[in-house]
1. How far, in degrees from 0 to 90, does helix 58-83 lean away from the longest principal axis of the Cα atoms of the chain, to the nearest 10?
2. Would you mind pulling out the separation of the Cα centroids of segment 332-388 and segment 25-52, in Å?
3. Under the rule of -39500 (n - 2.57) per DSSP H run of 4 or more residues, summed and divided by the residues of the chain, what mean residue ellipticity at 222 nm is obtained, to the nearest 500 deg cm²/dmol?
4. Return 142, 279 ranked ascending by Cβ neighbour count within 10 Å, so the fewest neighbours appear first.
5. Against the longest alpha carbon principal axis of the chain, how many degrees, from 0 to 90 and to the nearest 10, is the axis of helix 367-387 turned?
6. Under 18 Å from a point 7 Å along the Cα-to-Cβ line of residue 311: which residues of segment 97-121 have their amide N that close?
7. Neighbour counts of other C-beta atoms within 10 Å: give me 245, 192 arranged from fewest to most.
8. Could you tell me whether segment 136-187 comes out rounded, prolate or oblate from its Cα gyration tensor? Rule is a ≥ b ≥ c as square roots of the eigenvalues, rounded for a/c under 1.5, then prolate if a/b exceeds b/c, otherwise oblate.
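Just so it is clear, none of the values below were taken in a lab; they were calculated from the coordinates. Just so we're clear, the structure is a prediction, and the values are computed from it rather than from any experiment. All Cβ positions, glycine included, derive from the backbone under ideal geometry; neighbour counts span all protein chains shown.
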């Protein structure tokens, strides 16, 4: 056998293996921006326009301003009613007006809203009777409105359970060929609950058209965000489920509506869920039963007061000649009229029928329930005869 000389072997070029293509980034298109999306400065002056988040029509922004003003006046009136004993409890959403109203305006009337106990302002902005909204907090009924009529689920008191409800409803709507979108309002504390993770995961796997809208107001009652998560922001939680996410300045009404418009369009197009985190702040205590001085100081609250979303949008619309003194005064008058009507109706003592306890337990009452109802009816009749 003839061997190849060493010099010849060295001169023969070796075939190079084709370069291995770079693996695709599994997080591409999923991660939120490193900084919150913002379209207005805190003083209301505009920032450069963005092609990825186009500014909503000016008519929509003016309507957003109107609903925010009315919503804040409603919130103040509800707080006063609590102090007067007309409500058992009231969780204020003052300071979160851009989120409360922006979520509603991003939806169609035939879409669904899944609120928490703090979304009273969002529900009134959706056009639901304010007395019906406050029925839960008054203690009359678990839900004062018909969810199927207003396409709004009952206000959810247990944290995050509505995340699963929304995923199921949205999947069902999609399965039947409808382009309905469900928007879930949740707080930062709810993202630590198992139902949040189950709901987002289910929605992602089955491409349910859900927008998970996290209002990060920095406190889960008294627990600060730093004790809730070590993630750069709550919006990063979406990547673990293959869900695109974004974070936005929750006190910038223009940016909130722009980001939510994109999130809703994504879900409606059949691309699955979208997670939005809005950085905002709860100006009032958790509820009227909360002592906020035990976990935050007045300087912190004052700093956020300077980021008022209503003042921010008003300044911007005035600069664009969409609002003037007369328009602002007219909207303020509408808000006062709204609050006066609510106050008058809430001061009427409701008539409570003890037998209503058995209503709506089942679509068809069971024999046991019928028997219990008749027992209570007999006891009430006997009591009335004794009083006579």
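1. Once rounded, one gets 50 degrees.
2. 49 Å
3. -13000 deg cm²/dmol
4. On the way: 142 11, 279 24.
Least to most surrounded, the residues fall as 142, 279.
5. Taking Cα atoms only, the helix is inclined about 30 degrees.
6. The answer is 97-99.
7. Details: 245 25, 192 16.
Lowest to highest Cβ neighbour count: 192, 245.
8. oblate
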